[in-house]
Amino acid sequence: MVTRYTPCTRREVLQTLCAAAAFRRSLAAASAIQFGYAGITWGNDYMAAIDDIAAVGYRGIQLRAGDGLLDRFASQPAALRDLLAAKRLTFAVFSSGNLSIDPAREREMFELHTKHARFVQSAGGKYLQVIDERPKGRAVTAADYTRTGRLLTELAKRVHDAGATLVYHHHMNSTGEKPHEIAAVLEAADRRHVRLLFDTAHFQQGGGDPAAAIRQYREWIEVLHLKDVRPTDTGYQFVELGRGRVDLPGVFAALSAIAFQGWAVVELDRVPEAGRSPRECAEINRRYLTETLHQVV
């Protein structure tokens, strides 16, 4: 049997070339997002977090001030930089802790987070994350939102001078918890200095639509926390991507719409199911990103 070759028409060739170009553009858009993973799931075992996150294949890591990391590396940040480089991990974000709006603690807050910013710069990192503290024992007032925004602006300037970029992490049980509260804080902040770490699950749990907010705050968002959350009998629980109620396909459609090209850090506070390890959770999250959302991790 002889198979005859049928030449393609010019139109078919053009259609094939256009389809290939569109595919290349989609891959480029997907690869523009840099995916990291937060070490919080491992608790205080930051060395296991570094090893596992690198082994699973993420490109960056978020580390915390409160997990013993500074006890080892505060005086030798270059050692952390070299360790992460050996693991082919970028030091994407450092969780610096909370920012109290108590006037009596203002100097303490500035000194603490500026010191952490110098550490981040020396260790090869870029972003310093802070979460504001909700006032205790009383309702939040409009003045609290204004003070939070102004404190963030002043702190951001100092963090910048120390060699890092401040990202404000809105959070449950903080002043910036609900969508209107986040808006009020940011209205009082200076976008030239304060950048936003947008968290998909915290925004969802606070009563908002993460995909719509990504479009709304496109000029603010510098870093993303990819996170999912589901309701429980006692409140809510953070879970692996795709296992909660966050519309993650909608989130990625919004990220594409705003041409987001920054760090997207997958975060899971703790292992949600007994018998599962932090590394297994990281693998579940990676599979969801690559197999369901078709992202290049």
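The values are calculated or read from the model by the stated rules, or taken from the named source; none is laboratory data. Because the structure is predicted, anything quoted here is derived from the model rather than measured. When we count neighbours, we look across all protein chains shown, and the Cβ atoms used for this are built from the backbone with ideal geometry, even at glycine.
Of all residues in region 91-125, those satisfying the criterion of being of a type in the set (S, T, N, Q), in contact with a helix residue (DSSP H, G or I) (Cβ under 7 Å, 6 or more places away or on another chain) and either in contact (Cβ under 8 Å) with a residue 60 or more places away in the chain or assigned to a strand (DSSP E or B) (or both) are Ser95, Ser96. The conditions of being assigned to a helix (DSSP H, G or I), hydrophobic (A, V, I, L, M, F, W, C) and either modelled with pLDDT under 95 or at negative phi (or both) are not met by Leu128.
Considering region 85-100, and only residues there that are under 19 Å from the mean Cα position of the chain (by Cα) and among the hydroxyl-bearing types (Ser, Thr, Tyr), the residue that is surrounded by the fewest Cβ atoms within 10 Å (Cβ to Cβ) turns out to be Thr90. Checking Ala264, Ala282, Ala259 one by one, the residue that is assigned to a loop (DSSP other than H, G, I, E, B), at pLDDT 95 or above and within 27 Å of Arg88 (Cα to Cα) is Ala259 and no other.
Residues are listed down the side, and each one gets a yes or a no for (1) more than 23 Å from the chain's Cα centre (by Cα); (2) in a strand (DSSP E or B); (3) modelled with pLDDT under 95; (4) of a type in the set (D, E, K, R):
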{"residue": "Pro7", "(1), (2), (3), (4)": "yes, no, yes, no"}
{"residue": "Leu14", "(1), (2), (3), (4)": "yes, no, yes, no"}
{"residue": "Leu27", "(1), (2), (3), (4)": "no, no, yes, no"}
{"residue": "Asp52", "(1), (2), (3), (4)": "no, no, no, yes"}
{"residue": "Tyr58", "(1), (2), (3), (4)": "no, no, no, no"}
{"residue": "Asp71", "(1), (2), (3), (4)": "yes, no, no, yes"}
{"residue": "Ser75", "(1), (2), (3), (4)": "yes, no, no, no"}
{"residue": "Leu83", "(1), (2), (3), (4)": "no, no, no, no"}
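Looking at region 130-145, can you tell me whether even one residue there is among the polar types (S, T, N, Q) and under 30 Å from Ala254 (Cβ atoms)? There is no residue in region 130-145 that is among the polar types (S, T, N, Q) and under 30 Å from Ala254 (Cβ atoms).
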